[in-house]
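To start, the structure under review is shown below, and the notes come after it.
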Amino acid sequence: MSQVTETKDIPQRLTQLLEHLRMFDSILDQEAEVLKASDISPLITLLEQKETLSETLTEEFNILSKSLSPDKNVQLSLQELLLVDSVKNLSTQTQQHLQEAVDSAIKCHEKNVINGMTVQALKNMNQTLLNVFTGQDQNAQTYGASGKTATSETKSNPLGKA
């Protein structure tokens, strides 16, 4: 593709990237809500959608980056692309759309990190409860009346045993 053709494609590619970033943001919001709910069965479908959309976003970004990067062998981030001379020559509206894409990508990243931390916290809590219920954690700590943690005095007395 020639540079002129690539430049004409950039607004359309940015519009498509922005739309997919909005969809990804929506999926992240749905994921956060499911993680707060007691029924997490919709999570599987959301994760499949998230993975598919993530692959699409990566592909779109790579194409856009190659179109705007002065060195086709170097992969630049969206923020780095804003500093490239070829981007400064684009229309103001296209530059604004690129800035929107940067802001949206940062927002999505932050939400994804938060959801990941939520999953990790839930995993840790579930594992701790499983260890206490099965008597596997000899160093299980519980809160005493003073609010401080204390090592459990009972050794290997699983709550599941009669």
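Summary table
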item: Ratio of the Cα radius of gyration of the range 9-135 to 2.2 N^0.38 Å, where N counts its residues; result: 1.35
item: Cross-link pairs LYS36/LYS111; LYS50/LYS107; LYS36/LYS148; LYS66/LYS88; LYS8/LYS107 - those with Cα-Cα distance over 19 Å; result: LYS36/LYS148; LYS8/LYS107
item: Solvent-accessible area per residue, Å², over the range 9-135 with all protein chains present [probe radius 1.4 Å]; result: 62 Å²
item: In order through the range 42-55: 3J(HN,Hα) via Karplus (6.51 cos²θ - 1.76 cosθ + 1.60), integer Hz, x for Gly, Pro; result: x, 5, 4, 4, 4, 5, 5, 5, 4, 5, 4, 5, 4, 5
item: Accessible surface, 1.4 Å probe, highest first, among residues ARG13, ARG22; result: ARG22, ARG13
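The values are calculated or read from the model by the stated rules, or taken from the named source; none is laboratory data. Note that the structure is predicted; figures quoted are calculated from it, not measured. For the accessible areas, the whole protein counts, side chains as well, though only heavy atoms, and no ligand, DNA or RNA atoms are used. Shrake-Rupley method; radii C 1.70, N 1.55, O 1.52, S 1.80 Å.
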